[in-house]
Amino acid sequence: MALYSEKVMDHFRNPRNVGVLEDANGVGTVGNAKCGDIMKMYLKIEDDIVKDVKFETFGCGSAIASSSMATELIKGKPVEEARQLTNKAVAEALDGLPDYKMHCSVLAQEAIEAALKDYESRQEE
Amino acid sequence: MIYADNAATTPMSEAAINTMTTLIRETYGNPSSLYEFGQKAKEVLEQAREDTAALIGADAKEIIFTSGGSEADNQAIISAAKAGALKGKKHIISSKFEHHAVLHTLKKLENEGFEVTLLDVHENGIIDPSEVEAAIREDTCLVTIMYANNEIGTIQDIKGIGAVCRAKGVIFHTDAVQAIGHLKINVVEENIDMLSASAHKFHGPKGVGFLYARKGIRLANLIEGGAQEKGKRAGTENVPGIAAMVTALKEEVANIDKNTAHILPIRNKIIEGLKEIPHSALNGDEERRLPSNVNFCFEGIEGESLLLLLDDKGIAASSGSACTSGSLDPSHVLLAIGRVHDVAHGSLRLSLGEDVTEEEADYIIKAVKEVVEYLRGFSPVWRDLVAGKTQFIL
Ligand SMILES: Cc1ncc(COP(=O)(O)O)c(C=O)c1O
């Protein structure tokens, strides 16, 4: 039995939306190198729509796949929908993660939350 | 496909497979039975014991067969602890980077009132015998230090440590699971009182190993039941497995010089090749290490993703990353030699087989370079390091 589902391996091998978004207006970083996972999400929001999104991740296969899947799930969606993205939705879209890797999907959710928070605080300024 | 995880386990040798399958078919008797079938098996078993003993300079009476390295470690440590406790000696010396079969057994003893000193292994992964000497107390009943480390391959001065223990009258056990069959070992010359070995690390079968215990050392049994192994290890003996282990060990010991001569230059080539990767570091002493072992940390990446991508390229290796162990902490071995969490997560162990080729070495170097560079390409940690926002550690 393989460690990860085909979906996880696909997103790990061919991560979508990977890289830096130079004109992002919301950026969030979560995790720390001590624990072995760091995710950075870049959002470009226009008219309350996530027009573009990119990520950078330091972490294991499921961390990379979770970031990749999370970006796919919110790209082109209204901000309100992005805000409601749960780690469960990320894990399900990946056809599941091993129990001890569920925290990777949590990190993906938190990275998006952090990026949205950054976007909001920039709007207030 | 390049199998570079021989420290995890090795493929069985053809000779060992042959011994095992032949015996499974033909010599299935129970060695404890008095009829011919049983006595045949008994003969095979006792011959295996003599051969095993001869390969390490011991006497056949000093060998008991076990289910592997873990059991041998457990039994050695528990035996010395029990004997020590009878004399009021409840202090044990070991090192910070032992295998968990040793460390967890020591933990258990600690909970039962023993005091354990874990020696520092320094940046190079080597303990000086004088440090062992300095740690020995009146109430020390055991020193247990591994012969060669399973992750970074560093080799201890076993003879020196043994001499110190002998002079102080303290029992010395060594977990030689990674060393036996790959390094020349003689328990008498090296002052070893107890030694653990596991067949699957030298091309024998899994689930078989042995414990050498010098004459005069009282063993406590972990498994109660029959009178097998002089009453020190109950259970009908795995005769085919034991005999196959000895077949494999004989072959390995006979070929140590030849194998080392072949593997060492190839291993060194890989080390030199990987050193070219910026912000990387070899883990463990460069000279005093197993000929098959390569272990590096690469800054800015995580080990599990490195392993998965190497697997895609047909290379089977391992890592001390937390993500490969299912725990939050990276390898205790890497932490013990002073690698901080941030870089310990980005480690790679290659443990080469004796049949590794120059071409495979070239391929490994190229593949690792590519994968490290690729992963660094979208690592936020690497980005911050390169941008000067954080300091490079390696
Ligand atoms: C140093 C060391 N000790 C003990 C063991 C355990 O041996 P076994 O798998 O035979 O129980 C291993 C193997 O994982 C090892 O590398």
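The values are calculated or read from the model by the stated rules, or taken from the named source; none is laboratory data. Note that this is a predicted model, so its numbers are computed, not measured. All Cβ positions, glycine included, derive from the backbone under ideal geometry; neighbour counts span all protein chains shown. Please note that ligands, DNA and RNA were not included when accessible areas were found on the heavy atoms of the full protein model with its side chains. Shrake-Rupley method; radii C 1.70, N 1.55, O 1.52, S 1.80 Å.
Across peptide B:297-307, the average count of Cβ atoms from other chains found within 10 Å of a residue's Cβ is 4.
Counting, for every residue in B:378-386, the Cβ atoms of other protein chains within 10 Å of its Cβ and taking the mean gives 6. A full extension of the chain between B:A316 and B:E26 corresponds to an added length of 100.8 nm, given 0.36 nm per residue minus the alpha carbon distance.
Going by accessible surface with a 1.4 Å probe and the largest first, A:E125, B:E123 read A:E125, B:E123. In a reduced charge model with +1 at each Lys and Arg Cβ and -1 at each Asp and Glu Cβ, the range B:53-120 shows a dipole moment near 240 debye about its Cα centre. In terms of packing, defined here as the mean over residues of other Cβ atoms within 10 angstrom, the peptides A:109-116, B:302-309, A:63-70 line up highest first as A:63-70, B:302-309, A:109-116. Between A:E80 and B:Y374, the modelled labels are 4.1 nm apart [label points 7 Å from Cα along Cα→Cβ]. The calculated FRET efficiency for B:K107 paired with A:D47, based on their beta-carbon distance and R0 = 60 Å, is about 0.50.
Report summary: the helix-based calculation at 222 nm, which adds -39500 (n - 2.57) for every DSSP H run with n ≥ 4 and divides by the residues of chain A, gives -14000 deg cm²/dmol.
Work out the length of the dipole vector of chain A about its Cα centre, built from +1 on the beta-carbon of each Lys and Arg and -1 on the beta-carbon of each Asp and Glu, and round it to the nearest 20 debye.
So the dipole magnitude of chain A works out to roughly 440 debye.
Entry comment: accessible area of the protein assembly as shown is 42 Å² per residue, from protein heavy atoms only and a probe of 1.4 Å.
For A:M102, the solvent-accessible surface computed with a 1.4 Å probe is close to 60 Å², ligands and nucleic acids excluded. Across the range B:365-382, coupling constants 3J(HN,Hα) worked out from phi with the 6.51/-1.76/1.60 Karplus curve, θ = phi - 60°, read 4, 4, 5, 5, 4, 4, 5, 4, 5, 4, 5, 5, x, 10, 9, x, 5, 4 Hz, and Gly and Pro carry x. Please check which bits of the range B:225-257 a label hung off B:A15 would reach, taking the label as a point 7 Å along Cα-to-C-beta and the cut-off as backbone N under 12 Å. Flagged as within label range: B:244-256.
Against the longest alpha carbon principal axis of chain B, how many degrees, from 0 to 90 and to the nearest 10, is the axis of helix B:69-86 turned? It works out to around 60 degrees.
Shown for the protein assembly as shown: the carbon plus sulfur share of the solvent-accessible area, taken with all protein chains present and a 1.4 angstrom probe, equals 51%. Largest to smallest in accessible area, the residues B:D311, B:D5, B:D384 fall in the order B:D311, B:D384, B:D5 (1.4 Å probe, all protein chains included).
Heavy-atom accessible area for B:Y35, with the other protein chains in place and a 1.4 Å probe, reaches approximately 120 Å².
Buried accessible surface for the A/B pair, both sides summed and rounded to the nearest 100, is 2000 Å² with a 1.4 Å probe. Residue by residue, the range A:74-88 carries 3J(HN,Hα) couplings of 10, 5, x, 8, x, 3, 4, 6, 4, 4, 8, 4, 10, 5, 4 Hz when phi is fed to the Karplus relation 6.51 cos²θ - 1.76 cosθ + 1.60 (θ = phi - 60°); x denotes Gly or Pro.
Label-to-label distance, A:K88 versus B:E50, with points set 7 angstrom from Cα along the beta-carbon direction: 6.9 nm.
Each of A:K34 and B:V386 was given a label point 7 Å from its Cα along the Cα-to-Cβ line. The distance between the two points is 2.7 nm. Let me know the shape class of the range B:335-384, please: from the alpha-carbon gyration tensor, a ≥ b ≥ c as square roots of the eigenvalues, rounded when a/c is under 1.5, otherwise prolate if a/b is greater than b/c, or oblate. Oblate shape, in that a/c is at least 1.5 and b/c is the bigger or equal ratio.
Taking a 1.4 Å probe, which of B:T27, B:T22 shows the most accessible area, and what order do the others take after it?
Solvent-accessible surface, decreasing: B:T22, B:T27.
Only beta bridges with both residues in chain B are counted; by DSSP, about 55 percent of them are antiparallel. Potential lengthening of the chain between B:M1 and B:D329 amounts to 115.1 nm, from the contour at 0.36 nm per residue minus the alpha-carbon distance. In this calculation the C-beta distance from B:K61 to A:E113 is compared with R0 = 60 Å, giving a FRET efficiency of 0.35. Shown for the protein assembly as shown: cysteine residues without a partner Cβ closer than 4.7 Å, namely A:C35, A:C104, B:C141, B:C165, B:C297.
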